[in-house]
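Have a look at the structure below, then the notes.
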Amino acid sequence: MQISYQNIDESLNSLDKIYAISGDEPLFIQETKEKIRKKCINAGYTDRESIVVTKDYNWSYLLKSSENIDMFDDQKILELKMAGNGPGINGSKVLKAYLQQPTESQILIISLEGLDKKTLSGTWVKDLQKHSTFITVQSLRTSEITPWIIQRAKQYNLEFTPDATSLLLEMTEGNLFTTLREIQKLSLLHPNEKIDYEKMANAITNSSIYGVFDLTNAFIAGNKKKTIKIFEYFKLEGVAELQILGLLSKELSNLYSVKTTGSTKNIFGPQFYKDRLLQASKNLSLSDIKKGLVKVADIDAASKGQGTQSSWQGLRQLTQLFF
């Protein structure tokens, strides 16, 4: 059975043995899993195991896990998170066998996050659609984010003025996880209040809008404006120079590997990240990447008191090196 995540509540009137959640919006995927998990727990499935499936995952564990449940007669939730990679040939065979004969004492929840169209067109996905409750999670269009913010605010007994809503949208840049976190925080700071621009600005100023991986994602995507914005934010927040350097150094090393081999085979991460690396490597010359690696060494030396340039100056130059 195939449904949209908006209709998950109706489908949970009776539990299925297998749920698959496919989409690109992490918040909606998490919320969908939480609803399924809560229903399972209420039905007596109190044991839970969560596994992130990498390309080296041993899919035979899926069948062994079901054998152990039968042996000890437990009620279990098994969650498999597939981020960026399909199951491969052997995994597809094991998954198909399990789908045809699922374990009675186990609820299997599989989340397919950030998979490309080619991966999602595989036979194993068609098998999931046939033998599971297959839930599709759609990302919000830009025009839908403002109404979503207003609706979520109402759930927390808040009302935003239009300029406050616009400010929140601008500062969180459409990141729904971050947006929801700000709404939750506002509900604690100003319960049951109308939030105007000033209250919103004060709340956002005192929060962490960006995470460390937002910087590397902007850096790899070639977004100069956002990269510099996040960098300056980290500087104001007091993030350690070496922490930022370590992140950018890793991205440069990955870029060098992809540029010299023409492949992302040896890169660990979800498929969308590998695709960004591959595209970035095509846009950059090997000479530019080498300059970046040399710059990393210079910044590392500056952080130890060597040279005349400060490490912050060097980092800012590094973030702009490829733009």
- Query: With a sphere of radius 11 Å drawn around the Cβ of S92, what net charge do the other residues whose Cβ falls strictly inside it have (Lys, Arg +1; Asp, Glu -1)?
  - Reply: +2
- Note on the structure: For S143 and Q30, extending 7 Å from Cα along the Cα-Cβ vector and measuring point to point gives, in nm, a value of 2.9
- Starting from the Cα of K17, draw a straight line to each of the aspartates and glutamates and keep only those under 13 Å, dropping any in the same chain fewer than 8 residues away. E79, E104
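Report, in listed order, any pair from K199/K304; K225/K304; K229/K290; K265/K290; K33/K93; K33/K295 with a Cα-Cα distance greater than 32 Å.
Listed pairs above 32 Å: K199/K304; K33/K295.
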- Starting from the Cα of N223, step 7 Å toward the Cβ, then list every residue of region 280-323 with an amide N under 18 Å from that point. 280-281, 319-323
- Note on the structure: Once Q313 and R181 are pulled to full extension, the length gained, defined as 0.36 nm per residue separation minus their Cα-Cα distance, is 44.3 nm
- Roughly speaking, what is the stretch gain from S121 to N266, that is 0.36 nm per residue apart minus the C-alpha to C-alpha distance, in nm to one decimal? 49.8 nm
- Segment L188-K64, extension gain: residue separation times 0.36 nm, minus the distance between their alpha carbons: 40.1 nm
- Query: Check E193: other-chain or 5+ apart residues with amide H under 5 Å from its amide H, H built from backbone geometry?
  - Reply: E159
- Task: Using only alpha carbon pairs under 8 Å that are at least six residues apart, calculate the relative contact order of the chain and give it in whole percent.
- Result: 17
- Calculated from DSSP helices alone, with each H run of at least 4 adding -39500 (n - 2.57) and the total divided by the residues of the chain, [θ]222 nm to the nearest 500 comes to -18500 deg cm²/dmol
- Message: As an exercise, identify the trypsin sites (Lys or Arg not before Pro) in region 94-155 lying in DSSP coil whose Cβ has no more than 15 other Cβ atoms within 10 Å.
- Response: R141
- How high is the relative contact order of region 212-319, given as a whole-number percent (alpha carbon pairs under 8 Å, six or more residues apart)? 30
- Item | 12 Å Cα-Cα reach of K154 towards aspartates and glutamates, excluding residues that sit fewer than 8 places from it in its own chain | E193
- Applying the gyration tensor rule to the Cα atoms of region 111-230 (axes a ≥ b ≥ c; rounded if a/c under 1.5, else prolate if a/b exceeds b/c, else oblate), the class is oblate
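Which shape class, rounded, prolate or oblate, goes with region 142-205 when its Cα gyration tensor gives a ≥ b ≥ c as root eigenvalues, a/c under 1.5 marks rounded, and past that a/b bigger than b/c marks prolate?
rounded
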- Query: What is the local net charge at D9, summed over the other residues whose Cβ is closer than 15 Å to its Cβ (Lys, Arg +1; Asp, Glu -1)?
  - Reply: +1
- Item | Placed amide H near I21: partners under 5 Å, 5+ positions off or other chain | I110, S111, L112, I135
- Item | Sequence-distant aspartates and glutamates (8 or more away, or on other chains) whose Cα lies within less than 20 Å of K291 | E241, E251, D300
- Task: Count neighbours as other Cβ atoms within 10 Å of each site's Cβ, and list the GluC sites (Glu not before Pro) in region 57-156 that are DSSP loop with at most 11 such neighbours.
- Result: E104
- Amide H proximity to R48 below 5 Å, modelled H, separation 5+ or other chain, gives I77
- Query: At L15 and S50, where each label point lies 7 Å from the Cα along Cα→Cβ, what is the point-to-point distance in nanometres?
  - Reply: 1.8
- Query: Modelled label-to-label distance, M1 and R152, 7 Å Cα→beta-carbon offset: nm?
  - Reply: 2.8
- Pairs of Cα atoms under 8 Å, at least six residues apart: use those to get the relative contact order of region 75-200, whole percent. 23
- Note on the structure: Scoring only Lys, Arg, Asp and Glu (+1, +1, -1, -1) among other residues with Cβ under 10 Å from the Cβ of K81 yields -1
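Each value in this text was obtained by applying a stated rule to the coordinates, not by laboratory testing. Owing to the predicted nature of the structure, the values given are computational and were not obtained by experimental measurement. As a convention, Cβ positions derive from the backbone with ideal geometry for all residues, glycine included, and neighbour counts pool all protein chains shown.
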